[in-house]
Amino acid sequence: MSKSKLQFKTEIQQLLDLMIHSVYSNGEIFVRELVANAADAIDKARFLSVTQPDAARDWEIRISADKEAKTLTISDNGIGMTRDELIKNIGTIAYSGTKAFIEAVNKAKEEGKEAPPELIGQFGIGFYSAFIAADKVLVETRKSGTEEAWRWESDGKSDFTVSDGHRDDQGTTVTLFLKEDFQEYMDYWRISSVIRKYSDYIAYPIRMKHTVKDGDKEKEEDSTLNTMKAIWLRPESEVKEEEYESFYQHISQDYGKPARRINYSAEGTSEFKALLFFASRMPFQFRFGEKNKKGVHLYVKRVFITDECPGLLPEYMGFVSGVVDSSDLPLNISREMLQNNPMVARINKALTGRILSELAKMLESEREKFETFYKEFGRMLKEGIHLDWANREKLQDLLLFQTMNNPAGKLVTLKEYVDAMPSSQKAIYYISGDSREALEQSPQLEMLRKQNFDVLFLLDPVDEFVFGEMGKYAEKDLLSVSKGDVKFDDATQKELEEKTKKAAEEGKDLLECLKKALEDKVKEVRFSARLTESPCCLVSDEHDPTMNMQRILKAMDQNAPALKRILELNAENALIQGLKKLCEKDPGSEKVKEYAEMLYDQALIAEGGDLPDPVRFAKRTAALMADAINLNLSEK
Ligand code: ADP
């Protein structure tokens with residue numbers, strides 16, 4: 001086939017532009033990226049060779065330098081690429097993160113900072129990092145099981161060419177024509193130290209030839225640069241923390257430190273080893289709605305099987321990455337067979353239990369670290385409450401909330417909330433909304449505050465759904481303070497019930513008047529046990545969703561019907577008492593209707609809700625103020 005010239009996809013062009021022009025403080029990462037690609041390619045070929053033994057080889061990654069041509073070559077005998085794959089994989093398919101990557105880099109630039117180099121790995125754009133070091137890159141590749149080889153060439157500007165290539169065996173060779181300031185990478189010692197730093201655990205030998213002095217003469221030696229030890233099989237005491245970290249970075253697409261590490265070894269009925277890490281921050285691709293499918297890599301007796309094994313861990317545990325190496329699964333297991341495999345289910349159960357107990361430990365002994373983790377991944381744990389019934393109780397114990405009686409920002413667990421409850425408090429109270437500041441002002445909290453009961457602030461939109469599913473915690477009801485009846489201890493409850501009953505009898509006319517005036521706005525008007533200061537508040541009926549929930553459902557575009565709520569009045573408030581007198585004297589007056597509507601509007605304002613007609617409200621308030629001022633003047 002003749003030579004074809006193809007355009008890079010726009011996002012990739014922009015990306016390349018950044019690679020070429022940005023100066024990265026640790027430019028050496030291009031070696032790590034290309035070696036990782038080579039190792040992945042061998043992983044894939046090795047998996048095939050399990051089912052097709054004649055595909056087996058002496059796997060190796062070979063690095064060589066040509067000082068005359070000023071090139072560095074990284075070659076593997078892995079899976080290789082067909083012509084189509086070559087064009088797609090490096091040139092025309094931009095990963096969803098590419099655009100976001102460019103935005104992130106540009107943002108950093110605007111702020112006058114250097115683009116953090118770790119961004120490169122996080123977005124799965126590793127290959128293009130070649131252009132950090134080279135002004136021209138040449139790829140020759142031959143797909144396993146095929147006879148043709150292909151050659152890809154580009155200077156990283158706007159296009160690349162694909163033509164016939166040459167390779168004796170399957171695999172891929174990447175040749176970098178090094179830029180002036182990257183010529184040090186032709187040096188054996190330089191390469192060797194970069195490999196030790198980032199790629200020591202790679203399971204295949206990374207070899208490079210170099211000359212050594214032998215007396216007066218020089219001779220060529222072929223050395224393996226990495227130790228190749230499967231880090232998850234080595235005793236924990238022999239592995240340095242930096243080695244674990246570098247392995248974590250390789251496997252997780254996160255270039256920070258993990259929040260926690262788990263070394264797990266199961267013996268007996270099922271034998272497997274696992275090395276798992278908790279991420280300390282949300283990987284970028286998650287922010288674009290992707291799930292962490294590649295979190296845990298499955299190996300069988302050190303042979304890589306897949307990095308997408310559904311069922312190996314619960315899906316909500318997307319914050320976990322690492323390796324599981326099983327001795328029981330057959331080597332030639334197909335990906336389809338892994339689904340619903342009882343052995344995989346057993347591993348899942350064991351690891352899930354361990355992960356949850358590690359989280360509990362972290363909460364107990366490393367609170368600050370856990371809170372940071374929770375801020376990133378709390379949503380996933382909440383998803384777990386929804387999905388993982390068997391572990392619901394353990395997950396509930398990991399939830400954190402702000403509360404009314406604690407300072408802003410302080411987080412408490414449900415257990416801590418319950419432990420601090422006064423003996424007269426029987427239920428767990430919560431209120432939901434989108435800001436602490438707004439919730440703190442809610443009239444619904446008044447009586448609870450007076451009773452010295454604490455109230456959980458549910459600030460994450462999913463919290464209320466989660467509570468709805470839980471129903472109870474530690475056998476205590478989870479009650480919304482903006483809904484149904486509030487329940488206090490027996491003595492207080494009795495006292496308050498009597499009070500509201502009496503108020504209802506005495507204020508019959510008022511209730512009638514208001515009901516009539518607000519007929520199309522509220523479901524009911526009644527006296528309240530919730531209020532001590534404010535004149536009124538709005539609450540939802542026992543089995544209706546709260547206002548916050550209605551708002552969320554609406555935002556999710558569900559055709560949630562707007563449900564009428566109940567207007568509750570504070571019998572002891574001066575405004576209510578005045579209104580009561582007015583209703584007794586002149587129930588049919590126009591003023592009553594107007595005041596009733598203003599009262600309703602005030603209740604909406606108190607909960608930070610939007611008024612249906614703010615202009616009318618402002619006009620009415622202005623008129624009232626004018627009346628009050630005139631009255632005041634005439635009295636003087
Ligand atoms: P990532 O490795 O994160 O997927 P890259 O930009 O590094 O992203 O590579 C893009 C794709 O090109 C890889 O997913 C792989 O399919 C292919 N590729 C890159 N290097 C090799 C290689 N040495 N052998 C085979 N395929 C490769």
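The values are calculated or read from the model by the stated rules, or taken from the named source; none is laboratory data. Owing to the predicted nature of the structure, the values given are computational and were not obtained by experimental measurement. Every residue, glycine as well, gets a Cβ built from its backbone with ideal geometry; the counts of neighbours run over all protein chains shown. Ligands, DNA and RNA are stripped out before the accessible areas are found, and what is left, the full protein with its side chains, is counted by its heavy atoms. Shrake-Rupley method; radii C 1.70, N 1.55, O 1.52, S 1.80 Å.
In the set (1) surrounded by 15 or more Cβ atoms within 10 Å (Cβ to Cβ); (2) at pLDDT 75 or above, ASP58 fails one condition alone, (1).
The residue of the stretch 133-145 that is most open to solvent (accessible area, probe 1.4 Å), among those that are away from the ligand (no atom under 13 Å from the Cβ) and not in a strand (DSSP E or B), is GLY145.
On the given criteria, is ARG207 surrounded by 13 or more Cβ atoms within 10 Å (Cβ to Cβ), in a strand (DSSP E or B), of a type in the set (D, E, K, R) and in contact with an Asp or Glu (Cβ under 7 Å, 6 or more places away or on another chain)?
Taking the combined requirement at face value, the residue satisfies it.
Residue under question is ILE74, and the condition is that it be over 15 Å from ALA130 (Cα atoms), within 12 Å of the ligand (Cβ to nearest atom) and buried (at least 18 other Cβ atoms within 10 Å of the Cβ); does it hold? Spelling it out, it is not the case that ILE74 is over 15 Å from ALA130 (Cα atoms), within 12 Å of the ligand (Cβ to nearest atom) and buried (at least 18 other Cβ atoms within 10 Å of the Cβ).
Within the stretch 246-271, residues that are on the phi < 0 side of the Ramachandran plot and of a type in the set (D, E, K, R) reach partners that are within 16 Å of the ligand (Cβ to nearest atom) and part of a strand (DSSP E or B) with beta carbons closer than 8 Å, at six or more positions or on different chains, in the pairs ASP254/SER321. If you go through the stretch 1-35 and keep only what is assigned to a loop (DSSP other than H, G, I, E, B) and modelled with pLDDT under 80, you end up with MET1, SER2, SER22, VAL23, TYR24, SER25, ASN26, GLY27.
A count restricted to the stretch 19-46 and to residues that are crowded, with 17+ Cβ neighbours inside 10 Å, over 19 Å from ARG207 (Cα atoms) and within 13 Å of the ligand (Cβ to nearest atom) stands at 1.
Taking the listed residues PRO422, PRO407, the one that is within 19 Å of LEU478 (Cβ to Cβ), out of contact with any Ser or Thr (no Cβ under 8 Å at 6 or more places or on another chain) and part of a loop (DSSP other than H, G, I, E, B) is PRO422, with no other qualifying. Can you find a residue that is open to solvent by 20 Å² or more (accessible area, probe 1.4 Å) and of a type in the set (Asp, Glu) anywhere in the stretch 250-259? Within the stretch 250-259 (the criterion being open to solvent by 20 Å² or more (accessible area, probe 1.4 Å) and of a type in the set (Asp, Glu)), the answer is no, since none of the residues qualifies. Here ASN340 passes the criteria (1) at negative phi; (2) in contact (Cβ under 8 Å) with a residue 12 or more places away in the chain; (3) outside any helix (DSSP H, G or I) except the one numbered (1). Answer yes if at least one residue in the stretch 535-547 is over 28 Å from PHE488 (Cα atoms) and surrounded by fewer than 21 Cβ atoms within 10 Å (Cβ to Cβ), and no otherwise. Checked the stretch 535-547: no residue is over 28 Å from PHE488 (Cα atoms) and surrounded by fewer than 21 Cβ atoms within 10 Å (Cβ to Cβ).
When you look at ILE63, is it within 12 Å of the ligand (Cβ to nearest atom), modelled with pLDDT of 90 or more and either assigned to a helix (DSSP H, G or I) or surrounded by 15 or more Cβ atoms within 10 Å (Cβ to Cβ) (or both), yes or no?
So ILE63 does not fit the description; no.
When ARG57 is tested against (1) assigned to a helix (DSSP H, G or I); (2) within 24 Å of SER144 (Cα to Cα); (3) more than 13 Å from the ligand (Cβ to nearest atom), exactly one condition is not met: (1). ILE42 meets all of the listed conditions (1) farther than 23 Å from ILE251 by Cα; (2) at pLDDT 75 or above but one, namely (1).
If you take the residues in the stretch 172-190 that are in a strand (DSSP E or B) and of a type outside the set (A, V, I, L, M), which one is nearest to the ligand (Cβ to nearest atom)? Per the stated criteria, the residue is THR172.
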